[in-house]
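The values are calculated or read from the model by the stated rules, or taken from the named source; none is laboratory data. Small disclaimer: the values here were computed from a predicted structure and weren't measured. Neighbour counts run over all protein chains shown; Cβ positions are idealised from the backbone, glycine included. For the accessible areas, the whole protein counts, side chains as well, though only heavy atoms, and no ligand, DNA or RNA atoms are used. Shrake-Rupley method; radii C 1.70, N 1.55, O 1.52, S 1.80 Å.
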Amino acid sequence: RLREASATYTFAPSLATKLARARSLSVSLAGRNLALWSEYLGTDPETAFNATGGSDAPNDFQTIAPPSFFILRFNIGY
């Protein structure tokens, strides 16, 4: 499973001042729940859905896997 990958770019101080009137500036991009390599044919095991709420075996009925999503973040230091 590839749970998360991220990358950050930090701008030069002179460019941070020019773009955002700041001392520092960086941008980060992260992606979560990106890939799953498995031969299991049921739903994603991390759904942890249980029809009875007890300690029985997980149930594959109408469960969905955690979604893949991306986060874009700007860090600005004044």
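For this structure, a couple of remarks:
- Shown in residue order for the range 69-76 are the 3J(HN,Hα) couplings computed by the Karplus curve 6.51 cos²θ - 1.76 cosθ + 1.60 at θ = phi - 60°: 8, 10, 10, 10, 10, 10, 10, 10 Hz (x for Gly and Pro).
- I76-R23 pseudo-label distance in nm [points 7 Å out on the Cα-to-Cβ vector]: 1.6 nm
- Exposure ranking of E4, E39 by accessible area [1.4 Å probe, largest first]: E39, E4
- Among L36, T8, L19 the positive-end extreme of the charge dipole of the range 1-45 (Cβ point charges): L19
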